[in-house]
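Inspection log for the structure reproduced underneath, given as structure tokens.
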Amino acid sequence: MHQGFVLDCDPISFANVSDRPLDCDRGDVWLMMDHLYGEENVGGVLRSALFFGVNGCVYPTKQCAPLSSMAATASSGALDGMDIRLCSQPLSEFLSDMKSNKQWHIVALDVGHHVGDGGE
């Protein structure tokens, strides 16, 4: 209950990317996240992505935080306003499949070891 109001809603459902493949003819920008475990971080990334004009998100069903009410709250509506497709296969395999189509330009960022910090 919030300020005397109660809203009964159905759970949010998302299409699977294998059921609704991504359309690559329009020049859309899609976000793909992997190994992001904080629900608030997921919501924040989706909120920023929607603001910067990202058309949709491919979200893995494993090895990521759930798309929960906490993620929805942190996204400030982006979870409802963005085209989100679930991916049940490992994201690396999905990206390899998309790259083999030769119709996609894939730009990837990875946070790995820090270079120059006395390590490797």
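The values are calculated or read from the model by the stated rules, or taken from the named source; none is laboratory data. Computed from a prediction, not measured in an experiment: that's the story for all the values here. Methodologically, a virtual Cβ is constructed for each residue, glycine included, from the backbone with ideal geometry; neighbour enumeration extends over all protein chains shown. Surface areas here come from the heavy atoms of the whole protein model, side chains and all, with no ligands, DNA or RNA. Shrake-Rupley method; radii C 1.70, N 1.55, O 1.52, S 1.80 Å.
Put simply, the chain fits an ellipsoid with semi-axes of 27, 21, 13 Å; these come from the alpha carbon gyration tensor as the roots of five times its eigenvalues, largest first. If you run the Gaussian network model on the chain, springs between alpha carbon atoms under 10 Å, then out of N16, N41, N101 the most flexible one is N101.
With a 1.4 Å probe and all protein chains left in place, how much accessible area per residue does the chain have, in Å²?
Numbers: 8700 Å² over 120 residues.
Spelled out: the 1.4 Å probe surface of the chain, per residue, equals 72 Å².
Rounded to the nearest 500, the helix-only mean residue ellipticity at 222 nm of the chain stands at -8000 deg cm²/dmol, with each DSSP H run of n ≥ 4 adding -39,500 (n - 2.57).
For the set Y59, Y37, solvent exposure ranked by accessible area (probe 1.4 Å, protein chains only) runs largest to smallest as Y37, Y59.
Placing pseudo-labels 7 Å out from each Cα toward the beta carbon at A108 and E93 gives an inter-label distance of 1.5 nm.
Phi-derived couplings, Karplus 6.51 cos²θ - 1.76 cosθ + 1.60 at θ = phi - 60°, listed residue by residue for the stretch 33-50: 10, 9, 6, 9, 9, x, 4, 5, 5, 4, x, x, 5, 5, 4, 5, 4, 5 Hz, with x used for Gly and Pro.
Take the Cβ atoms of I12 and F52, set R0 to 22 Å, and the FRET efficiency comes out at 0.50.
Which percent of the accessible area of the chain is formed by carbon and sulfur heavy atoms (probe 1.4 angstrom)? Could the numbers behind the result be given before it?
Numbers: 4590 of 8700 Å².
Within the chain, the accessible surface is 53 percent carbon and sulfur.
Consider all pairwise Cα distances in the stretch 53-109 and report the whole-number % of them above 14 Å. Can you show the working numbers first?
Numbers: 1013 of 1596 pairs.
Summing the P(r) of the stretch 53-109 above 14 Å gives 63 percent of all pairs.
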